[in-house]
1. Of the residues in segment 146-195, how many are among the small types (Gly, Ala, Ser) and modelled with pLDDT of 85 or more?
2. May I ask you to verify whether Tyr214 is modelled with pLDDT of 90 or more and farther than 24 Å from Glu83 by Cβ?
3. Taking segment 97-132 only, how many residues are exposed (fewer than 13 other Cβ atoms within 10 Å of the Cβ), modelled with pLDDT of 95 or more and among the small types (Gly, Ala, Ser)?
4. Name the helices (runs of 4 or more DSSP H) wholly inside segment 92-203 in which the number of residues that are within 30 Å of Pro240 (Cβ to Cβ) and polar (S, T, N, Q) is 2 or more.
5. Among the candidates Phe69, Phe47, which residue alone is modelled with pLDDT of 70 or more, part of a helix (DSSP H, G or I), closer than 22 Å to Cys199 by Cα and open to solvent by less than 70 Å² (accessible area, probe 1.4 Å)?
6. So which pairs qualify, if the first residue must be in segment 90-101 and within 14 Å of Ala63 (Cβ to Cβ), the second must be open to solvent by less than 60 Å² (accessible area, probe 1.4 Å), the Cβ gap must be under 8 Å, and the two must be at least 6 apart or on different chains?
Amino acid sequence: MFGMIALPAAMIHPPSGLPTRGSEGASSARPPKILPGVPQADAYAGFNALYETGNIQEAACWAHVRRKFVDVYRANGSPIAAEAIARIATLYGIEAQIRGQLPVERRAARQAEARPRLHELRDWLETQNQRVSRKSGIADAIGYALNQWSALMYYTTDGRVEVDNNAAERALRTVALGRRNYLFGGSDAGGERAASMYCLIGSAKLNGIDPEAYLNTVLARIAEHPINRIDELLPWNLYPAQAAPLQKAA
(Lines give C-alpha, C1' and ligand atoms only; values in the text may rest on other atoms or scores of the structure.)
Protein backbone atom coordinates (compact mmCIF):
# COMPACT_ATOMS: atom_id res chain seq x y z
CA MET A 1 0.00 0.00 0.00
CA PHE A 2 1.40 3.38 -0.98
CA GLY A 3 -0.17 6.08 1.20
CA MET A 4 0.52 9.55 2.45
CA ILE A 5 3.56 9.30 4.73
CA ALA A 6 6.98 10.65 3.79
CA LEU A 7 8.92 7.54 4.78
CA PRO A 8 8.23 3.91 3.85
CA ALA A 9 6.17 1.77 6.20
CA ALA A 10 4.84 -1.78 6.14
CA MET A 11 1.17 -2.52 6.79
CA ILE A 12 0.09 -6.10 7.42
CA HIS A 13 -3.61 -6.15 8.22
CA PRO A 14 -5.03 -8.94 10.39
CA PRO A 15 -7.29 -11.28 8.43
CA SER A 16 -10.65 -10.20 9.87
CA GLY A 17 -12.66 -8.41 7.16
CA LEU A 18 -10.10 -8.84 4.41
CA PRO A 19 -10.76 -10.93 1.29
CA THR A 20 -9.20 -14.38 1.43
CA ARG A 21 -8.38 -16.86 -1.31
CA GLY A 22 -10.74 -19.50 0.04
CA SER A 23 -13.76 -20.72 -1.82
CA GLU A 24 -15.96 -17.84 -0.67
CA GLY A 25 -13.38 -15.09 -0.35
CA ALA A 26 -14.05 -13.41 -3.66
CA SER A 27 -17.76 -13.07 -3.14
CA SER A 28 -18.44 -12.74 0.58
CA ALA A 29 -15.61 -10.73 2.09
CA ARG A 30 -16.37 -7.15 3.01
CA PRO A 31 -13.48 -4.72 2.75
CA PRO A 32 -12.24 -3.28 6.04
CA LYS A 33 -11.94 0.42 6.62
CA ILE A 34 -8.42 1.29 5.49
CA LEU A 35 -6.74 4.52 4.53
CA PRO A 36 -6.93 5.76 0.94
CA GLY A 37 -3.94 4.71 -1.06
CA VAL A 38 -2.69 2.54 -3.89
CA PRO A 39 -2.54 -1.20 -3.15
CA GLN A 40 -0.47 -3.13 -5.66
CA ALA A 41 -1.56 -6.72 -6.20
CA ASP A 42 -2.39 -9.42 -8.68
CA ALA A 43 -5.78 -9.83 -10.38
CA TYR A 44 -7.42 -11.82 -7.58
CA ALA A 45 -11.16 -11.07 -7.73
CA GLY A 46 -11.44 -10.83 -3.95
CA PHE A 47 -9.70 -7.45 -4.07
CA ASN A 48 -12.33 -5.89 -6.33
CA ALA A 49 -14.49 -4.78 -3.41
CA LEU A 50 -11.60 -2.62 -2.17
CA TYR A 51 -11.48 -0.69 -5.44
CA GLU A 52 -15.25 -0.19 -5.59
CA THR A 53 -15.15 2.20 -2.62
CA GLY A 54 -13.60 4.88 -4.82
CA ASN A 55 -11.00 5.71 -2.16
CA ILE A 56 -8.48 3.14 -3.30
CA GLN A 57 -6.69 3.13 -6.64
CA GLU A 58 -5.63 -0.20 -8.07
CA ALA A 59 -2.07 -0.64 -9.33
CA ALA A 60 -1.37 -3.97 -10.99
CA CYS A 61 1.90 -5.88 -10.81
CA TRP A 62 4.18 -6.36 -13.82
CA ALA A 63 6.01 -9.21 -12.08
CA HIS A 64 2.81 -11.24 -12.14
CA VAL A 65 2.39 -10.51 -15.85
CA ARG A 66 5.97 -11.49 -16.56
CA ARG A 67 5.57 -14.69 -14.55
CA LYS A 68 2.72 -15.81 -16.81
CA PHE A 69 4.91 -15.48 -19.90
CA VAL A 70 7.89 -17.13 -18.19
CA ASP A 71 5.73 -20.15 -17.33
CA VAL A 72 4.65 -20.46 -20.98
CA TYR A 73 8.21 -20.10 -22.25
CA ARG A 74 9.48 -22.76 -19.87
CA ALA A 75 6.68 -25.10 -20.94
CA ASN A 76 7.10 -24.90 -24.70
CA GLY A 77 9.70 -22.30 -25.68
CA SER A 78 7.07 -19.99 -27.18
CA PRO A 79 8.73 -17.21 -29.25
CA ILE A 80 5.80 -14.92 -28.43
CA ALA A 81 6.41 -15.46 -24.71
CA ALA A 82 10.13 -14.79 -25.24
CA GLU A 83 9.36 -11.53 -27.02
CA ALA A 84 6.95 -10.47 -24.28
CA ILE A 85 9.57 -11.17 -21.61
CA ALA A 86 12.14 -9.10 -23.51
CA ARG A 87 9.73 -6.19 -23.88
CA ILE A 88 8.85 -6.27 -20.19
CA ALA A 89 12.57 -6.32 -19.39
CA THR A 90 12.92 -2.88 -20.99
CA LEU A 91 10.41 -1.54 -18.46
CA TYR A 92 12.53 -2.90 -15.63
CA GLY A 93 15.61 -1.38 -17.25
CA ILE A 94 13.99 2.04 -16.95
CA GLU A 95 13.17 1.35 -13.31
CA ALA A 96 16.77 0.44 -12.57
CA GLN A 97 17.89 3.83 -13.87
CA ILE A 98 15.45 5.84 -11.73
CA ARG A 99 15.52 3.80 -8.52
CA GLY A 100 15.96 6.08 -5.50
CA GLN A 101 14.88 9.25 -7.29
CA LEU A 102 12.09 11.52 -6.11
CA PRO A 103 8.53 10.52 -7.08
CA VAL A 104 8.18 13.50 -9.42
CA GLU A 105 11.38 12.48 -11.22
CA ARG A 106 10.29 8.85 -11.46
CA ARG A 107 6.94 9.88 -12.92
CA ALA A 108 8.60 12.12 -15.52
CA ALA A 109 10.97 9.36 -16.62
CA ARG A 110 8.15 6.84 -16.88
CA GLN A 111 6.02 9.23 -18.87
CA ALA A 112 8.85 9.91 -21.29
CA GLU A 113 10.34 6.43 -21.60
CA ALA A 114 7.98 3.75 -20.32
CA ARG A 115 4.62 4.93 -21.67
CA PRO A 116 5.64 4.82 -25.36
CA ARG A 117 6.98 1.29 -24.87
CA LEU A 118 3.81 0.30 -23.06
CA HIS A 119 1.63 1.57 -25.90
CA GLU A 120 3.74 -0.44 -28.35
CA LEU A 121 3.52 -3.49 -26.10
CA ARG A 122 -0.26 -3.31 -25.93
CA ASP A 123 -0.59 -3.01 -29.70
CA TRP A 124 1.73 -5.97 -30.12
CA LEU A 125 -0.15 -8.07 -27.54
CA GLU A 126 -3.48 -7.35 -29.21
CA THR A 127 -2.04 -8.41 -32.57
CA GLN A 128 -0.64 -11.64 -31.13
CA ASN A 129 -3.91 -12.31 -29.35
CA GLN A 130 -5.64 -12.57 -32.73
CA ARG A 131 -3.15 -15.16 -33.95
CA VAL A 132 -2.96 -17.66 -31.11
CA SER A 133 -5.34 -20.41 -30.07
CA ARG A 134 -7.88 -19.26 -27.50
CA LYS A 135 -7.23 -22.39 -25.45
CA SER A 136 -3.44 -22.00 -25.31
CA GLY A 137 -1.27 -20.95 -22.40
CA ILE A 138 0.05 -17.97 -24.35
CA ALA A 139 -3.52 -16.75 -24.90
CA ASP A 140 -4.10 -16.90 -21.14
CA ALA A 141 -0.92 -14.90 -20.49
CA ILE A 142 -1.83 -12.27 -23.06
CA GLY A 143 -5.38 -12.06 -21.77
CA TYR A 144 -4.15 -11.64 -18.20
CA ALA A 145 -2.10 -8.60 -19.25
CA LEU A 146 -4.75 -6.99 -21.45
CA ASN A 147 -7.52 -7.43 -18.89
CA GLN A 148 -5.50 -5.44 -16.34
CA TRP A 149 -4.07 -2.85 -18.67
CA SER A 150 -5.40 0.27 -16.98
CA ALA A 151 -4.08 -0.87 -13.59
CA LEU A 152 -0.78 -1.93 -15.17
CA MET A 153 -0.35 1.55 -16.61
CA TYR A 154 -1.05 3.31 -13.32
CA TYR A 155 2.55 3.21 -12.10
CA THR A 156 3.52 5.57 -14.93
CA THR A 157 1.23 8.27 -13.47
CA ASP A 158 2.36 8.06 -9.84
CA GLY A 159 6.04 8.15 -8.93
CA ARG A 160 5.37 6.69 -5.48
CA VAL A 161 4.20 3.40 -6.97
CA GLU A 162 6.56 0.60 -7.96
CA VAL A 163 6.47 -1.40 -11.18
CA ASP A 164 5.55 -4.51 -9.17
CA ASN A 165 4.72 -5.66 -5.66
CA ASN A 166 7.79 -7.83 -5.17
CA ALA A 167 8.78 -5.91 -2.04
CA ALA A 168 5.47 -6.78 -0.39
CA GLU A 169 5.72 -10.41 -1.42
CA ARG A 170 9.24 -10.63 0.01
CA ALA A 171 7.97 -9.18 3.30
CA LEU A 172 5.18 -11.76 3.45
CA ARG A 173 7.67 -14.61 3.27
CA THR A 174 8.36 -13.89 6.94
CA VAL A 175 4.69 -14.41 7.70
CA ALA A 176 4.63 -17.70 5.79
CA LEU A 177 7.76 -18.90 7.58
CA GLY A 178 6.26 -18.03 10.96
CA ARG A 179 3.01 -19.79 10.08
CA ARG A 180 4.95 -22.94 9.28
CA ASN A 181 6.85 -22.77 12.56
CA TYR A 182 4.14 -21.94 15.07
CA LEU A 183 1.03 -22.74 12.98
CA PHE A 184 -1.51 -20.66 14.93
CA GLY A 185 -1.68 -17.20 16.51
CA GLY A 186 -3.92 -18.66 19.22
CA SER A 187 -6.84 -16.27 18.63
CA ASP A 188 -7.93 -13.29 16.57
CA ALA A 189 -6.28 -11.05 19.15
CA GLY A 190 -3.06 -13.02 18.74
CA GLY A 191 -3.25 -12.51 14.98
CA GLU A 192 -3.73 -8.78 15.46
CA ARG A 193 -0.71 -8.57 17.76
CA ALA A 194 1.35 -10.57 15.29
CA ALA A 195 0.30 -8.20 12.50
CA SER A 196 1.38 -5.22 14.61
CA MET A 197 4.78 -6.79 15.21
CA TYR A 198 5.22 -7.60 11.52
CA CYS A 199 4.37 -3.97 10.71
CA LEU A 200 7.00 -2.62 13.09
CA ILE A 201 9.66 -5.08 11.96
CA GLY A 202 8.88 -4.53 8.28
CA SER A 203 8.90 -0.75 8.68
CA ALA A 204 12.28 -0.88 10.42
CA LYS A 205 13.71 -2.93 7.54
CA LEU A 206 12.28 -0.55 4.93
CA ASN A 207 14.03 2.34 6.68
CA GLY A 208 17.40 0.60 6.86
CA ILE A 209 17.15 -0.03 10.61
CA ASP A 210 18.17 -3.25 12.33
CA PRO A 211 14.84 -4.69 13.60
CA GLU A 212 16.41 -6.39 16.61
CA ALA A 213 18.16 -3.21 17.74
CA TYR A 214 14.96 -1.24 17.16
CA LEU A 215 12.79 -3.60 19.22
CA ASN A 216 15.37 -3.71 22.03
CA THR A 217 15.26 0.09 22.20
CA VAL A 218 11.47 0.18 22.19
CA LEU A 219 11.16 -2.45 24.91
CA ALA A 220 13.68 -0.60 27.07
CA ARG A 221 11.73 2.68 26.81
CA ILE A 222 8.07 1.83 26.38
CA ALA A 223 7.18 1.22 30.05
CA GLU A 224 8.02 4.82 30.99
CA HIS A 225 7.06 6.45 27.69
CA PRO A 226 3.94 8.69 27.61
CA ILE A 227 1.13 7.03 25.67
CA ASN A 228 0.21 10.31 23.95
CA ARG A 229 3.72 10.43 22.42
CA ILE A 230 3.85 6.86 21.21
CA ASP A 231 4.68 8.03 17.68
CA GLU A 232 8.13 8.99 18.98
CA LEU A 233 8.89 5.25 19.11
CA LEU A 234 8.26 4.67 15.41
CA PRO A 235 11.40 3.48 13.58
CA TRP A 236 12.08 6.69 11.64
CA ASN A 237 11.68 8.81 14.79
CA LEU A 238 13.98 6.67 16.93
CA TYR A 239 16.63 6.43 14.22
CA PRO A 240 16.22 9.57 12.08
CA ALA A 241 19.80 9.53 10.81
CA GLN A 242 19.40 6.04 9.35
CA ALA A 243 15.94 6.70 7.92
CA ALA A 244 16.70 10.08 6.35
CA PRO A 245 18.51 8.73 3.26
CA LEU A 246 15.40 6.73 2.33
CA GLN A 247 13.10 9.75 2.46
CA LYS A 248 14.24 10.73 -0.99
CA ALA A 249 12.97 7.51 -2.53
CA ALA A 250 9.79 7.16 -0.46
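The values are calculated or read from the model by the stated rules, or taken from the named source; none is laboratory data. Keep in mind the model is a prediction, meaning the values are calculated, not measured. Counting neighbours? That spans all protein chains shown, and the Cβs are built from the backbone with ideal geometry, glycine included. For the accessible areas, the whole protein counts, side chains as well, though only heavy atoms, and no ligand, DNA or RNA atoms are used. Shrake-Rupley method; radii C 1.70, N 1.55, O 1.52, S 1.80 Å.
1. Selection size over segment 146-195: 3.
2. yes
3. Total satisfying the criteria: 1.
4. Passing ranges, in order: 166-182.
5. After ruling out the rest, the residue left standing is Phe47.
6. Leu91/Trp62; Leu91/Ala114; Leu91/Leu118; Leu91/Val163; Tyr92/Trp62; Tyr92/Val163; Glu95/Val163
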